[in-house]
Each structure stands twice: as structure tokens, then as C-alpha cells.
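Peer 1: Could you have a look at this structure, given as C-alpha cells, before my questions?
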Amino acid sequence: MSDLVTDATAAYRPPSGYFDEVFGPDGTPRSHAISLAAEIARLGPELLTAAGHRRDAIFVQQGITFDATGEDGPVKDRPFPLDLVPRILPAREWDHIERGLMQRIRALNRFIDDVYHEREIVRAGIVPWRLIVSRSHFARAAHGVRPPGGVYCHVAGCDLVRDADGSWKVLEDNVRTPSGISYVLENRVAMTRLVPQFFQHHRVRPVDHYPQLLLAGLRSVAPSAEDEATVVVWTPGPMNSAYFEHAFLARQMGVELVEASDLVVRDDVLYMRTTAGLRRVHAVYRRLDDDFVDPLEFRPDSLLGVPGLVRAYRAGTVAIANALGTGVADDKAVYHYVPEMIRFYLGEEPILDNVRTYLMADESQRETALARRHELVFKPTGESGGKGVFIGPSTSKEALDGLADVIRAQPERWIAQEVVNLSTVPTVMPDGSLAPRHVDLRPFAVFGEDIKIVPGGLTRVALIEHSMIVNSSRGGGSKDTWVLEDGQDTDRAEPEGMLTAPPTMPDLRYAGPWVGQQQQQQQ
């Protein structure tokens, strides 16, 4: 094996100044990745390239695509790029991440409840009320409304990064409508069939029980029902860039995928139109923003919403996940205060640190940051998906000077952060060779009766050399994320009595042509 490992590392050079998660600075594989490096060497560039071609073909056939923005403008329905070298997290490392995320989600949930009720954190002088009410996703319609079970962040997908010293930090909080879990499940199925030999020396924790976790979480917060609570997935429609995920989750949970035209409110109760008449809906997993859910309460021009839905929500007859108003905790300026939220609500020290952040609304922080604008990252507070981000070291002086004027004119809409030297993982190039590419991690948590986090998450990878932009909408790709078992029963066992149904894909044979291509994607 040592000769194979040497072959695998011969042409690969971990970049200086960054933490490579597979190879150490001297090019030697880290202890948890020795077997993987050997299997990559056995496979070789030619077979890695061939496996990549088969992956792309089946992803297009199955509709596993994403809309992206390229140099020539928008690109629709491109295959979601799955790199064939997985990211590996040892059990002890994952335990640290998991505890930190649970702590953070509990604090964020408490904060959202506080914002729309007692405002204790405001009265304590920790988070300014002026900041909260000026956030684009602050929802006045949610004031005084406590959702079933007191849960707001039913689904969370916090973005984590690893700095040059190997430490984990939270880059952003996504507790509004986080996306990407469908790719986590599809990536695992594809990997087990494209490169099954990668798994033979590792005990990798499963991820395919997520749809059942989500369904159980939604039913746990649904208002009482005579029979089993009816759950639906609410999509804006096929034109949405994440429609594949909406349909995927509905299919995997065995529930209906609905649009606004399928729903109606009668006497403060939400119903779904069916061929047999109206059927009551108890819980809605919505995949559209607050602004569009009810034209009577939010945007009156919304054609995607259901009139009267907020009235039913206030009456407590339906659970909406994530809860209305949750987006206030997504805001990048609010993110700055999360460590203080943890101390205030939980009486604990944060397990996972923030990236150092400067509020442009604070004059002293603003001028300090702008004086270093060539060194920092500047982000608009209300955007997502990498939109409007300026990375100082890779932005021209003229553009940064113009940005400084924009920030001084509207400082409350911007933050600045220290540049994080994102860790790297070997990534397959078009010729089958390996090169380091920067990654982040989005684990997914479900909050029902308690918080459950799927082992691993969506590893996003910047496919362009030296790029730090990992967003799929900006041309990034993904990796299968492996959390290794440590031998404890809790690592191996899924919830008792839980039947898992892995995502539907054609019957694949490694190193051979795709079979089952005549199968049609399930609707």
C-alpha cells in the first residue's frame, strides 16, 4: 500500500498556507485517509475520468441539475458537479461539529422567539432593536405568534469553514429555506455505485434516513389530528432553481408536492385540493420566502401565495416550516451577535466560533475595515448564494474604492469579514489528475421534538483554481462527505423502526456502461 500511496501523492502538492484535509504539508496522507489515497492510486486517472463521464450522463437523465451563472450569463440545467474524491471527517471531529451546531441552533431558535415576543436580549442591551427591525427578513406579521412546539428553525443548514490552522468556524447561518440536502443523498448513492471500492476500508455513517427525520420532525410539531397528520412540500413551481430538491423530498417522504393553486384556506384552516375534495393540511414544509406566502399579509402582488394562510397560522391550525419570520436570524449582521446569544440564552461558551466580523453600521468598525478593504471580504447583509460579495485581495482598487462609497452611503446593509483560508481537498481534474480545491461544509439539522443532525452534509467545492467561491449558483461543485464511525452503536444504528428508502437511481455497475437508462425519473 505504501508504494500506491506514494504514487497517489507524487503529483499532488498541498498548497502552502492552507489546511489540506487528506494530505499533510509533506504530502503524506493523514491517518484517516491512507486507505482512500491508496484506492485513488489503484483507480488511476483514466478510470476516474471515465467514472466522471458516467456520473454526468446519469445526473442529466435523472434531472439532478442546477442553474448557475457563468462568464457567458445564466446556464440552466447543468449536471450538478459531484467530485469523486470524498471528504472524510473522523468521528471525534464530527462530534465537535455536531455539539457546536446543536448549541447554535438552540440559541437561534430562542432568539427568534424572543424577537417576536419578550425582546429580552434587546432590553439587556445586547442586540439593538433598530438593527433587528431594519433586517429585510424581519416579519412584523409574526409578532406575538408562537408556532406549534415553539420551534422556528425546523430545518437548519449552517455553513462551516476550516481555517489554515485546521479549526472550524461558522461562516453563515441558514435557517430560512436552506437547500442542498437532496444532493447529499444523491451524491452518496452515486458514489457507492461509481466508486464502491473507496468504501471498502471505511465505516461511513449513513445519510439516507434524512427524509424520514424530516417527516418525523414535521409531524411532531403539527397540530393534533384524528388520524396521521397530513404533511405537504410547498414549491414555487418548476421554474425555481431548486425544484428538483422540492420534488425529491416530497417523493422520498411520500407526501404531496403542492403549489399555491393546490391550497386553500377555509375558516382559518388550510386545505389541499384533491380529486376526492378538500383534505386538511396540518404541516407545510415551504420552499419560498415569507414575502410570497400570503398576499393578504406580505406582498400583495404575490401569485405564489395562499390568501389567509397567515391567519390560519396565527390560529394554530397549521405548522409552517420553517416558521414565518425565521429569516431574521439569517441576516449577516445578526450573525455577528450569535456568540452573545449563546451566552445570553444558554449560559454557555460557544463551541464553534464565528469568523471575525465587522458591522459597517458602526462608524469605528466601518472606517477600520475600509482602511483594510484590500484585505477583507465585504458582504451585503440580506443576500445569499454569494451575491454581491467582494473579496478584497482579488478585487481591483477601483472597484474597492467604489464599494467604499456605497458602504458609506448605506452602511447598515453591509458587513466585512476577515478572509478565511478555506481548507482544501484533492479534486479530480478533467484529465483525471488531482489538484487541491477549496471547500466549505453545510450540515443539515432537523428540529422537531429535539435536534437531529445528519452525519456529514453538503461539501461544496470551488472548482476554479484559487477561487474561494463555492456556491453552486456561481459554478461550484460538491463532494460526498463521509463521517467515520467510531464503533459506538449510536454511530451505526438508525432510529429504531425507521425504514429508509435510498434515492432512486438506475442500477449502476462500476467501470461499465450505465444500465437501466430506459427508466424514467419518478414524478
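The values are calculated or read from the model by the stated rules, or taken from the named source; none is laboratory data. Keep in mind the model is a prediction, meaning the values are calculated, not measured. Reconstructed Cβ throughout: ideal geometry from the backbone, glycine too, with neighbour counts over all protein chains shown. Side chains are part of the model used for accessible areas, which takes the heavy atoms of the whole protein and leaves out ligands, DNA and RNA. Shrake-Rupley method; radii C 1.70, N 1.55, O 1.52, S 1.80 Å.
Peer 1: Restricting to region 403-421, name every residue that is in a loop (DSSP other than H, G, I, E, B), out of contact with any Phe, Trp or Tyr (no Cβ under 7 Å at 6 or more places or on another chain) and crowded, with 17+ Cβ neighbours inside 10 Å.
Peer 2: Selection gives Val420 alone.
Peer 1: Something else: Restricting region 154-170 to residues that are outside any loop (DSSP other than H, G, I, E, B) and in contact with a helix residue (DSSP H, G or I) (Cβ under 9 Å, 6 or more places away or on another chain), which is surrounded by the fewest Cβ atoms within 10 Å (Cβ to Cβ)?
Peer 2: My answer is Trp168.
Peer 1: Now a separate question. So in region 449-467, with the set limited to residues that are part of a loop (DSSP other than H, G, I, E, B) and open to solvent by less than 10 Å² (accessible area, probe 1.4 Å), which one is farthest from Thr424 (Cα to Cα)?
Peer 2: Looking at residues that are part of a loop (DSSP other than H, G, I, E, B) and open to solvent by less than 10 Å² (accessible area, probe 1.4 Å), I get Val454.
Peer 1: Every residue in region 347-377 that is among the small types (Gly, Ala, Ser) and either on the phi > 0 side of the Ramachandran plot or surrounded by fewer than 17 Cβ atoms within 10 Å (Cβ to Cβ) (or both), please.
Peer 2: Once the filter is applied, which keeps residues that are among the small types (Gly, Ala, Ser) and either on the phi > 0 side of the Ramachandran plot or surrounded by fewer than 17 Cβ atoms within 10 Å (Cβ to Cβ) (or both), region 347-377 yields Gly347, Ser364, Ala371.
Peer 1: Do we have Gly476 as small (Gly, Ala, Ser), under 20 Å from the mean Cα position of the chain (by Cα) and modelled with pLDDT under 95 here?
Peer 2: Yes, satisfied.
Peer 1: For Val264, indicate whether it is over 30 Å from the mean Cα position of the chain (by Cα) and part of a strand (DSSP E or B).
Peer 2: Taking the combined requirement at face value, the residue satisfies it.
Peer 1: Among the residues of region 113-165, which ones are of a type in the set (A, V, I, L, M) and over 22 Å from Val284 (Cα atoms)?
Peer 2: Val115, Ile121, Val122, Ala124, Ile126, Val127, Leu131, Ile132, Val133, Leu160, Val161, Ala164
Peer 1: Continuing with this model, one more query. Does region 60-74 include one or more residues that are assigned to a helix (DSSP H, G or I), of a type in the set (Phe, Trp, Tyr), at pLDDT below 90 and touching a strand residue (DSSP E or B) at 6+ places or on another chain (Cβ under 8 Å)?
Peer 2: Looking for residues that are assigned to a helix (DSSP H, G or I), of a type in the set (Phe, Trp, Tyr), at pLDDT below 90 and touching a strand residue (DSSP E or B) at 6+ places or on another chain (Cβ under 8 Å), one finds none in region 60-74, hence no.
Peer 1: Would you check which residues across region 182-233 are closer than 24 Å to Asp289 by Cβ, of a type in the set (Phe, Trp, Tyr) and more than 19 Å from the chain's Cα centre (by Cα) and list them?
Peer 2: Result: no residue meets the conditions.
Peer 1: Against the condition modelled with pLDDT under 90 and not in a helix (DSSP H, G or I), how does Arg78 come out, does it pass?
Peer 2: Here the answer is yes, as Arg78 does meet what is asked.
Peer 1: Would you be able to tell me the number of residues in region 210-241 that are aliphatic (A, V, I, L, M), in a loop (DSSP other than H, G, I, E, B) and under 21 Å from Tyr152 (Cβ atoms)?
Peer 2: 2
Peer 1: A further question on this structure: Is there a residue in region 385-402 that is open to solvent by less than 20 Å² (accessible area, probe 1.4 Å), touching a residue at least 24 places away in the same chain (Cβ under 8 Å) and either under 30 Å from Val155 (Cα atoms) or charged (D, E, K, R) (or both)?
Peer 2: Looking for residues that are open to solvent by less than 20 Å² (accessible area, probe 1.4 Å), touching a residue at least 24 places away in the same chain (Cβ under 8 Å) and either under 30 Å from Val155 (Cα atoms) or charged (D, E, K, R) (or both), one finds at least one in region 385-402, hence yes.
Peer 1: Assess whether Pro426 counts as being closer than 30 Å to Leu43 by Cα, touching a residue at least 40 places away in the same chain (Cβ under 8 Å) and either among the aliphatic types (A, V, I, L, M) or not in a loop (DSSP other than H, G, I, E, B) (or both).
Peer 2: Considered against the rule, which asks whether it is closer than 30 Å to Leu43 by Cα, touching a residue at least 40 places away in the same chain (Cβ under 8 Å) and either among the aliphatic types (A, V, I, L, M) or not in a loop (DSSP other than H, G, I, E, B) (or both), Pro426 comes out as yes.
Peer 1: Something else now. On the basis of being surrounded by fewer than 22 Cβ atoms within 10 Å (Cβ to Cβ), of a type in the set (D, E, K, R) and in contact with a Lys or Arg (Cβ under 6 Å, 6 or more places away or on another chain), does Asp262 make the cut?
Peer 2: It is true that Asp262 is surrounded by fewer than 22 Cβ atoms within 10 Å (Cβ to Cβ), of a type in the set (D, E, K, R) and in contact with a Lys or Arg (Cβ under 6 Å, 6 or more places away or on another chain).
Peer 1: Would you check which residues across region 278-298 are of a type in the set (A, V, I, L, M, F, W, C), over 18 Å from Ala142 (Cβ atoms) and in a loop (DSSP other than H, G, I, E, B) and list them?
Peer 2: Val281
Peer 1: Report, by residue number, each residue of region 434-448 that is in a loop (DSSP other than H, G, I, E, B) and modelled with pLDDT of 95 or more.
Peer 2: If the condition is that a residue be in a loop (DSSP other than H, G, I, E, B) and modelled with pLDDT of 95 or more, then Pro443, Phe444 are the ones that fit.
Peer 1: When residues of region 121-153 are filtered for being surrounded by fewer than 16 Cβ atoms within 10 Å (Cβ to Cβ) and free of Cβ contacts under 8 Å to residues at least 24 places away in the same chain, how many remain?
Peer 2: Within region 121-153, residues that are surrounded by fewer than 16 Cβ atoms within 10 Å (Cβ to Cβ) and free of Cβ contacts under 8 Å to residues at least 24 places away in the same chain number 7.
Peer 1: Quick one: count up the residues across region 313-337 that are within 18 Å of the chain's Cα centre (by Cα) and of a type outside the set (Ser, Thr, Tyr).
Peer 2: 9
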